[in-house]
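This report refers to the structure that appears directly beneath it.
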Amino acid sequence: MQLITNNIKLYTVFSLFGVIMFWSCGEDYVPKPKAQLRLEYPNAKYVDADLKLPFTFDKNLLAKNIILKELEAPTESYGVNLEYPALKGTIFLTYKAINKDEKNLRDFLRDAQKFTLEHTKKADEIPAYPYENKERKVYGMLSEVKGNVASPAQFYVTDSINHFLTGSLYFYAKPNYDSILPAANYLQKDIKRIMETVTWK
C-alpha cells in the first residue's frame, strides 16, 4: 500500500513537471527592452536677445538665466551664458573683436577648431556643418560631437572683418550620450537659431 502511495506521489510530481515543461516551451523567452525615458520639451519661442553687445541674436525663452560678463583680453571680448535649468545645460558664448592690425582672425579660427578636435579622443563621430549667409555677412561652422563627451556641440561664426563669436553646449551632469541626447538635440536647434539670426552691430 505504501509503495502505491509513493508511486502516486511520484507520478503526480512528474506529471506537474511535464505540464510545466510543456507550457514553458510554447513561447521563446524575449527579454523586455530597456525602458527609455520620454522627455518632451515645449515648442521653442524665440525673442531678440538685445544685450547691448556688438552683436544680437534670437534666444529661446526657455533660457531663463543670462549671465553677461566682460572678458579680459587683448581685444574687446564678452562672455554670455544662456542657462537652461529645465534641461540642466548651458550654452556658453564668447565674443571677440577682430583686430585688423594683428590679423588675429586666423588665431581665433585655429583655437575654435582645436577646441572641437580635443574631443576626438572620446567622440564616436564629429560631423561638421558649414554655415554661410552672405547677406548678413555671417560665415561659420557647427560641429556635432557624438559620444560621451563634455560638450556635444560647438560652433563659431564671423564676418571675417570685425567680429568673431564662438559657442559650446555643456550639461551639468556626467556625460552619458544616450541620456542627454534628447536635450542635446533640442539645444542644438537653439544653437542653429543663434547662428541663423546673429546680426553684427
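What single numbered condition from (1) in a strand (DSSP E or B); (2) free of Cβ contacts under 8 Å to residues at least 24 places away in the same chain; (3) of a type outside the set (Gly, Ala, Ser) fails to hold for residue 92?
(2)
Among the residues of segment 43-84, count how many are part of a loop (DSSP other than H, G, I, E, B) and either touching a residue at least 60 places away in the same chain (Cβ under 8 Å) or surrounded by 17 or more Cβ atoms within 10 Å (Cβ to Cβ) (or both).
7
Taking the conditions exactly as written (surrounded by fewer than 18 Cβ atoms within 10 Å (Cβ to Cβ) and within 17 Å of residue 56 (Cα to Cα)), does residue 196 satisfy them or not?
When the stated conditions are applied, residue 196 passes them.
So which residues in segment 161-172 are in contact with a strand residue (DSSP E or B) (Cβ under 6 Å, 6 or more places away or on another chain) and not hydrophobic (A, V, I, L, M, F, W, C)? First the steps, then the outcome.
Quick first cut of segment 161-172, residues in contact with a strand residue (DSSP E or B) (Cβ under 6 Å, 6 or more places away or on another chain) only: 163-171.
Correct list: 163, 166, 167, 168, 170.
Only one of these is surrounded by 15 or more Cβ atoms within 10 Å (Cβ to Cβ), hydrophobic (A, V, I, L, M, F, W, C) and at pLDDT 90 or above: 126, 98. Name it.
Unique residue meeting the criteria: 98.
Can you tell me which residue in segment 148-201 is farthest from the chain's Cα centre (by Cα), limited to those that are among the small types (Gly, Ala, Ser) and within 19 Å of residue 111 (Cβ to Cβ)?
Ranking the candidates gives 160 first.
How do the pairs read when you match residues in segment 121-143 that are of a type in the set (A, V, I, L, M) with residues anywhere that are loosely packed, with under 11 Cβ neighbours inside 10 Å, using Cβ under 6 Å and keeping only pairs 6 or more apart or on different chains?
Going by the 6 Å Cβ cut-off, the qualifying pairs are 141/130.
Name every residue in segment 133-162 that is surrounded by fewer than 22 Cβ atoms within 10 Å (Cβ to Cβ), in contact with a Pro (Cβ under 6 Å, 6 or more places away or on another chain), modelled with pLDDT under 90 and not polar (S, T, N, Q), in order of residue number.
Across segment 133-162, the qualifying residues are 149, 150.
The values are calculated or read from the model by the stated rules, or taken from the named source; none is laboratory data. What you see is a predicted model; the values in this text were computed from it and never measured. Positions of Cβ are backbone-derived with ideal geometry, glycine not excepted, and every protein chain shown enters the neighbour counts.
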